[in-house]
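This report concerns only the one structure given below.
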Amino acid sequence: MQQSLTNTIEIEVKFSDVDMLGVVWHGNYIRYFEDGREAFGKQYGLGYMDVYNAGYVVPIVNVNCDYKRFLRYEDRVIIETVYTPTESAKINFAYRLLNAQTDELIVKGSTVQVFVHRDNFELQLTNPDFFLDWKQKHGLI
C-alpha cells in the first residue's frame, strides 16, 4: 500500500503578492497552499469540481503555516503538496515551499479538509463512496 501522493509545481512570485517591504505578505503563503492543492487535484483527479460533482464541498477546518524564510518579488517558489492517507473522513495535506534558486525551505505547513454535503452543508462523518473509490484507484487502501 502506498503511503502518500505528491505533486510539485513551480511558480513565480507576482508583484501583487508582496507588501511594501518587497517581501511576500504572510497570508499569501496560504494561497500558495491552495495553488498546490489545485495542481494536486488536477494530477490525481481530486479537483474541487470532482468533489462538487460527487455532491460535496471540502472546507478547510485547520491550517498550519510555519515560516522559516521569506520570498521576494520574482523569486521562483517550488510548492510541494503531499496527501497523507487517513481512515477518517477528511483530506490531509502537508506542504513545503522551497526557493527554487537556492533550494532553501521557506515555509512548511498543513491543512485539514472535511466533507460537507453541498446541498445542506451537513458534515459527512464517513468517507464518501467516491473518495473510497479514489483511494482504491491510487493504492491508498
Can you spot a residue in region 37-55 that is farther than 21 Å from THR126 by Cα and surrounded by fewer than 13 Cβ atoms within 10 Å (Cβ to Cβ)?
no
Every residue from region 14-33 that is charged (D, E, K, R), exposed (fewer than 15 other Cβ atoms within 10 Å of the Cβ) and touching a residue at least 40 places away in the same chain (Cβ under 8 Å)
LYS14
Quick test for you: out of ILE11, ILE79, pick the one residue that is surrounded by 12 or more Cβ atoms within 10 Å (Cβ to Cβ), among the aliphatic types (A, V, I, L, M), touching a helix residue (DSSP H, G or I) at 6+ places or on another chain (Cβ under 6 Å) and part of a strand (DSSP E or B).
ILE79
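Residues checked against (1) touching a strand residue (DSSP E or B) at 6+ places or on another chain (Cβ under 8 Å); (2) more than 18 Å from ASP17 (Cβ to Cβ); (3) among the basic types (Lys, Arg); (4) not in a loop (DSSP other than H, G, I, E, B):
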residue: ARG69; (1), (2), (3), (4): yes, no, yes, no
residue: ALA94; (1), (2), (3), (4): yes, yes, no, yes
residue: LEU125; (1), (2), (3), (4): no, yes, no, no
residue: LEU140; (1), (2), (3), (4): yes, yes, no, no
Test set (1) assigned to a loop (DSSP other than H, G, I, E, B); (2) under 15 Å from the mean Cα position of the chain (by Cα); (3) more than 20 Å from LYS137 (Cα to Cα) - TYR32 fails condition number
(1)
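No lab work stands behind these numbers, since they all come straight from the coordinates. Keep in mind that what you see is a predicted model, and the values were worked out from it rather than measured. Cβ coordinates were reconstructed from backbone atoms using ideal geometry, including for glycine residues, and neighbour counts include every protein chain displayed.
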